[in-house]
Amino acid sequence: MSDGLSNLCFALGMIFWFWGTWPLLGERTILFKLHGLSVADTLGSMSVVVGLLLRIPREWPLLVLAMISLAIWNTVLGYVLAYCSSSREGSDA
């Protein structure tokens, strides 16, 4: 039962990764693309970590730390990329 749920989480993670990557080929703005990619990447990566948690539960402290790190890192990286890609009119920087 646990292996089936673990495989389901792995498959769901792969679906989220592809779902977030595919719209990069579209005609939307870069900020819209980055937002979709970062959300899908975070959900996909967390789904894979949950699958690992189901597969090797004795490593739960490290896997929970990985999930927290993913949530913080992907959120901060999205804000940094959005800030760097926005044009600042009227500044010399």
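State yes or no: is Leu24 at pLDDT below 85 and in contact with a Lys or Arg (Cβ under 6 Å, 6 or more places away or on another chain)? Here the answer is yes, as Leu24 does meet what is asked. Taking the stretch 1-21 as the range and being farther than 19 Å from Asn74 by Cα, modelled with pLDDT of 90 or more, out of contact with any helix residue (DSSP H, G or I) (no Cβ under 7 Å at 6 or more places or on another chain) and among the hydrophobic types (A, V, I, L, M, F, W, C) as the test, the residues that pass are Leu8, Ala11. The set of residues in the stretch 2-28 that are over 30 Å from Pro57 (Cα atoms) and touching a Gly at 6+ places or on another chain (Cβ under 7 Å) contains only Pro23. For the subset of the stretch 62-93 comprising residues that are surrounded by 10 or more Cβ atoms within 10 Å (Cβ to Cβ) and of a type outside the set (A, V, I, L, M, F, W, C), which member is modelled with the highest pLDDT? Step by step, filter the stretch 62-93, then rank; the result is Ser69.
Close contacts from the stretch 13-28, counting a first residue that is surrounded by 13 or more Cβ atoms within 10 Å (Cβ to Cβ) and assigned to a helix (DSSP H, G or I) and a second that is at pLDDT below 85 and among the basic types (Lys, Arg), with Cβ to Cβ under 9 Å and a gap of 6+ residues or different chains, come to Pro23/Lys33.
The values are calculated or read from the model by the stated rules, or taken from the named source; none is laboratory data. Please read these numbers as outputs of a predicted model, since none were measured by experiment. Cβ coordinates were reconstructed from backbone atoms using ideal geometry, including for glycine residues, and neighbour counts include every protein chain displayed.
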